[in-house]
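In what follows, a single structure is set out as structure tokens and then discussed.
Read-outs: derived from the displayed coordinates by stated rules, not from any lab. Note that the coordinates shown come from a computational prediction; the quantities given were computed from them, not determined experimentally. In this analysis, Cβ positions are derived from the backbone assuming ideal geometry, glycine residues included, and neighbour counts consider all displayed protein chains.
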Amino acid sequence: MELSLEERLTLVEAAMTVRLDEANAAYEVNTAHIPTTPVDLADLVALPLTPTLQPLAPHSTPVAALLQRAHHRLLTGGWCAGSFRDEDGALCLFGAIRFESHRNLRLEMDAISVLMDTIRRQFGDRFESVPAFNDSFRAGDARIPLRILGQAADLADARSL
């Protein structure tokens, strides 16, 4: 008895499904020992290489507006790690907040407090200070510090600070 074309294709499909399932199981077993770290999808969002440097509509509260200005300062002037200001004039998170606070120490401390709250929400008690958080990232990789600073501005706005 000879099989029809459809019957042969059905048998081949069944055999391939079994082989693919076996290969998938083997892959899972063979790679189970490899450590992986969770991926934060917010870090994978591709931004244009030259972001539009137009500031967002300003927040209406003083602390939120300060954090937003600091964020814009880092976008336009550059971000650095390991120092308050680098040789090119780029600032760290703390430096940008201090620069934009115009020597208003109370406003600066309120902004640093909200920024630390935002850092703790994302990273727990892993960092003792804003400079420790800032310096934990390698130079040239400002994505996470800038994202956290933007989230801090939104949090301050939500808290009416």
Approximate shape of the range 75-161 as ellipsoid semi-axes (Cα gyration tensor, √5λ), whole Å, largest first: 19, 16, 11
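Mind checking the range 82-148 for trypsin sites (Lys or Arg not before Pro) that DSSP puts in a loop (not H, G, I, E or B) and that have at most 10 other Cβ atoms within 10 Å?
Numbers: sites: ARG85, ARG98, ARG103, ARG106, ARG120, ARG121, ARG126, ARG138, ARG143, ARG147; in loops: ARG103, ARG126, ARG138.
Those that pass, being in a loop and sparsely packed, are ARG103, ARG138.
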Label-point separation in nm, ALA32 to ASP86, each point 7 Å along Cα→Cβ: 4.4
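If r is the Cβ-Cβ distance from GLN122 to MET16 and R0 is 45 Å, what FRET efficiency results, to the nearest 0.05? Mind showing how you got there, number by number?
On the way: r = 44 Å, r/R0 = 0.99.
Approximately 0.50, to the nearest 0.05.
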Stretchable slack from SER113 to ALA139, in nm (0.36 nm times residue separation minus alpha-carbon distance): 7.0 nm
Residue-averaged [θ]222 nm for the chain, counting only DSSP H segments that reach four residues, each worth -39500 (n - 2.57): -19000 deg cm²/dmol
nm² value of the averaged projected area, convex hull over the Cα atoms of the range 77-122: 3.5
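Going by average Cβ density within 10 Å per residue, which order do the peptides 153-161, 6-14, 72-80 take, highest to lowest? Could you put the intermediate results ahead of the total?
Working: 153-161: 17.3, 6-14: 10.3, 72-80: 19.4.
The packing order, highest mean first, is 72-80, 153-161, 6-14.
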Angle between the chain longest axis and helix 5-31 axis [Cα atoms, degrees, rounded to 10]: 40
Fluctuation leader among ASP125, ASP40, ASP141 - the chain, Gaussian network, Cα springs under 10 angstrom: ASP40
Segment GLU7-ARG159, extension gain: residue separation times 0.36 nm, minus the distance between their alpha carbons: 48.0 nm
Residues of the range 118-161 with amide N under 14 Å of a point placed 7 Å along Cα→Cβ from SER60: 157-161
